[in-house]
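The values are calculated or read from the model by the stated rules, or taken from the named source; none is laboratory data. Bear in mind the structure is a predicted one, so any value in this text is a computation, not a measurement. FYI the Cβ positions are ideal-geometry reconstructions off the backbone, even for glycines, and counts take in every protein chain you see.
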Amino acid sequence: MNDEQPQNEYTAIRIHNAGKFLKVSKFKQELKNNDVDFYRLETTNAFISLVFDAPEKLAFAQEWLQKQKNYQDKPFKLSTIENYQVQQSTYKPNNTVPSSEESLSESSEPVQTTPKTLFEITQPLLNNPNELLLKQKSVRNALHHQLTRTLKGQTIQSQNNIKKTHQLPKIVPKYFANEQVRKNSFHLHEITSGKVTSGYRTKGEFMIQKDTDGVKIGSFYRIKDQFHVFSAEEMQENKLFPVQTLKLLQIAQNYFNQNKQEVKGLLVVKTSGDVENDEFKVKQMLVKLDLENTTVNQQEFQIYVKAEFKNIFETELVFDTDKNQFITQQLFGLSFRIYSESFFQQNIEVFQLICKQIKEYSSNPKCIYDICCGTGVIGQIMARLTDCKKIIGVDIVPEAIQSAQEQFKLNNFTDTEATYICGPVEKHLDIFNDCSSDDFVILDPPRSGLHPKVLKALRQSNAQQLVYVSCNPKSLAADLYGLTAIDCEYVKSQPVFQSIPFCIKETKLFNMFVGCEHVETVVVLQRCKDAEGTI
Ligand SMILES: C[S@@+](CC[C@H](N)C(=O)[O-])C[C@H]1O[C@@H](n2cnc3c(N)ncnc32)[C@H](O)[C@@H]1O
């Protein structure tokens, strides 16, 4: 593989639909065994991209791919991008643009996008006119694929560190066995988008490295421990981060360029925005610098950037020199403190649309369960919007719980009681013991989804309605199976669920991550009438 950024013409290939048919690790191994190096390998839900610096390398990859089983009948599709230029944007694509959802079906031609820089390869849907259609398709496929496998008795596994392999269900869930119901549940005909399409990302993580070759600031896309190096132009081209984030990277780069010491670390930049106005404005930033093996004086760096920022942007810049630093985000008349360690939603505008949608599903709840609550934002917003008098929130991150508690006090909830618990929800299952049919349970887990014990506790509780907010359709499908299956052996170590299952009432998509392949899915689940899964 090339260590340096290439300067000449290259050929990039995209393998569409690869996820289903191609084992990426095997492909990489094959390339490696044959000394075929490539500049970049990017895997997304929609496709895999590679850049080769010689035609014979591309030819080898193509030939190997052609030979793969299934290639001829249900293939992954291949598209090549000739004369791909890394530095200048001279590539004029021969685009194949599907005009409707239909044309994105399995048998359709591949969708080509227009990569102008390597950075665009890492953000494959940036400026793609078919972004929304592709996202719908990818979520639907992920959900269908996982659930269909389950129905066939095959094991399904979610992408996580908790192993969730479903065993053959004893009784096929009646609910999913009904083709019509299945279709309706996942008839994801639209994605709700916001107006803001650039500069929306409230958090960026960037590697910083200074060695004998100079300063590199890059993204997390790593190949064999190398990470992509931004040029100044490429940084400008990155449409996802607010301009202040990019300026901060430049300031950091200049600073470390002038500084003699070697540096290796991670720069985390968080911003809060005000999107009630039409224009997305970055109000505050929080910067955390984790430096490894370095002699650089952290304090010096912080003071420097702070001063620069005050002058240039008049932005209040807060440093995480101690654990008590935070930035503040206003939402629905409430404010939330974001500490460096706590999660906060990446796209504030779309998050507000999600909250409004969740509100539609609730009807005067007695208690709101905010599971994986982070800074308590969803639970507190829902409590305010529904005038609910009780909140129970759980999150594993102490700073997030600290923030939730502080905010609850500062947000002037009168006559409302809140209990925030710090720890993994799977270790606090007793909170579901008192759950009643009037309560509203909101689940917003990390990408890995919920622990099987949580699903089991929910099924055995009296909860009637759940809202599941997910950023990963794979773990969502696995968890939906656990919540809706009539009777299944979840994992060998878990007892068989013998409780009334939930059924899926509605599934909605939100374009939370514009330009990237990720999408936020909100699913409403309703308790079935009986253990047989009658809806
Ligand atoms: C997608 S975020 C949602 C946070 C919050 N609901 C919000 O809207 O900002 C997922 C949250 O789950 C928390 N988390 C991860 N694993 C957890 C676990 N086992 N138990 C409880 N919380 C967990 C993370 O700390 C993170 O705050």
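List of remarks:
- I303 vs. criteria outside any strand (DSSP E or B), at pLDDT below 90, touching a Lys or Arg at 6+ places or on another chain (Cβ under 8 Å) and surrounded by fewer than 20 Cβ atoms within 10 Å (Cβ to Cβ): no
- Looking only at the stretch 273-294, and only at residues there that are within 13 Å of V243 (Cα to Cα) and crowded, with 22+ Cβ neighbours inside 10 Å, the one that is modelled with the highest pLDDT: M285
- Taking the criterion of being within 10 Å of the ligand (Cβ to nearest atom), modelled with pLDDT under 95 and in contact with a helix residue (DSSP H, G or I) (Cβ under 7 Å, 6 or more places away or on another chain), the residues of the stretch 432-452 that qualify are R447, S448, G449, L450, H451.
- Considering I392, I381, I338, the condition of being among the aliphatic types (A, V, I, L, M) and over 16 Å from A418 (Cα atoms) is satisfied by I338 alone.
- Within the option set I378, I368, being more than 11 Å from the ligand (Cβ to nearest atom) and of a type in the set (V, I, T) holds for one residue only, I368.
- Within the stretch 405-431, the set of residues being crowded, with 22+ Cβ neighbours inside 10 Å and within 9 Å of the ligand (Cβ to nearest atom) comprises just one member, V425.
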